[in-house]
Amino acid sequence: MLHNPDSASFAVTALLGGTVLADALSLFATFELRTAVTEHAGGDVSGRDLAMASMAGVGLLQILLLLATATAFIVWFHRLRKNAEVWAGDLQARTPGWAIGGWFIPIANLWIPHGVAADIWRASRAEPSAADGRGELGLLHAWWAAFVVDTVVARVAGRILDRAETFEEYASAANWLLASDALDIVAAVLAILFVRRLTSMQHAKATGMIPAAQ
């Protein structure tokens with residue numbers, strides 16, 4: 001039985017849009033931190049503390065959005081994987097449960113969901129068993145690369161900030177955090193495009209009436 005992914009895809013894209021806005025706020029707060037610790041002689045303690053308070057507030061918003069987005073995304077992802085089972089179950093390297101469980105295995109979650117997504121993509125096209133076209137999986141690869149790099153950079157940035165004591169260390173943490181927020185925006189935008197594209201592919205295959213959006 002096919003599952004309609006439309007409502008879940010709308011929720012995912014809306015939450016990803018909220019993530020982009022939260023990241024933009026985080027960029028502003030982090031830039032204020034960087035300014036406070038680098039552009040004043042001896043550093044600006046009050047400016048640093050104010051920026052840190054702003055970053056904490058935005059950080060809480062980012063965490064809440066991450067939890068909501070991850071939940072909605074996994075629901076959407078699992079529905080698409082169930083549909084892939086109907087169309088090309090023999091071509092799926094992993095069972096539908098991996099569309100959920102694969103995200104929660106340390107280290108392995110850096111590649112298992114990508115493999116599941118690639119299998120779903122192939123099952124959702126007109127000819128599942130056909131060879132991949134040149135650049136066909138480019139959007140998936142780009143999103144996943146941005147996601148993985150952002151995950152690593154965010155962890156490094158968090159550790160540097162937690163250990164920061166001097167203004168120089170706060171400046172270093174701010175630079176890493178700025179890079180993380182920028183990467184998160186890129187990853188979120190690419191994720192929106194990926195969700196819309198794959199949902200459109202499955203809608204087109206299920207109905208046989210409209211071409212998938214480009």
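The values are calculated or read from the model by the stated rules, or taken from the named source; none is laboratory data. Everything numeric here is computed off the predicted structure, so don't read it as measured data. As a convention, Cβ positions derive from the backbone with ideal geometry for all residues, glycine included, and neighbour counts pool all protein chains shown.
Give the residues of segment 5-37 that are closer than 11 Å to MET55 by Cα and free of Cβ contacts under 8 Å to residues at least 40 places away in the same chain, sorted by residue number.
Selection gives LEU25, PHE28, ALA29, GLU32.
Only one of GLY57, GLY18 is modelled with pLDDT of 95 or more, surrounded by fewer than 16 Cβ atoms within 10 Å (Cβ to Cβ) and part of a helix (DSSP H, G or I); which?
None of the other options fit; the residue is GLY57.
Is it the case, given these coordinates, that PHE28 is modelled with pLDDT of 95 or more, closer than 26 Å to ALA206 by Cβ and among the aromatic types (Phe, Trp, Tyr)?
No: the conditions fail for PHE28.
Would you check which residues across segment 74-100 are small (Gly, Ala, Ser), surrounded by fewer than 17 Cβ atoms within 10 Å (Cβ to Cβ) and assigned to a helix (DSSP H, G or I) and list them?
GLY89
Considering segment 152-171 alone, what residues qualify as being over 24 Å from the mean Cα position of the chain (by Cα) and either part of a helix (DSSP H, G or I) or aliphatic (A, V, I, L, M) (or both)?
ARG163, ALA164, PHE167, GLU168, GLU169, TYR170, ALA171
Of everything in segment 39-54 that's of a type outside the set (Gly, Ala, Ser) and assigned to a helix (DSSP H, G or I), which residue is farthest from ASP132 (Cα to Cα)?
Top of the filtered list is VAL45.
Given the residues ALA36, ALA70, which is the only one that is in contact with a Gly (Cβ under 8 Å, 6 or more places away or on another chain) and either over 30 Å from THR199 (Cβ atoms) or part of a helix (DSSP H, G or I) (or both)?
ALA36 is the lone residue from the list that is in contact with a Gly (Cβ under 8 Å, 6 or more places away or on another chain) and either over 30 Å from THR199 (Cβ atoms) or part of a helix (DSSP H, G or I) (or both).
Only one of (1) in a helix (DSSP H, G or I); (2) of a type outside the set (A, V, I, L, M); (3) surrounded by fewer than 17 Cβ atoms within 10 Å (Cβ to Cβ) is not met by ARG122, so which one is it?
(3)
Quick check on segment 127-150. Is at least one of its residues surrounded by 12 or more Cβ atoms within 10 Å (Cβ to Cβ), β-branched (Val, Ile, Thr), assigned to a helix (DSSP H, G or I) and under 16 Å from the mean Cα position of the chain (by Cα)?
yes
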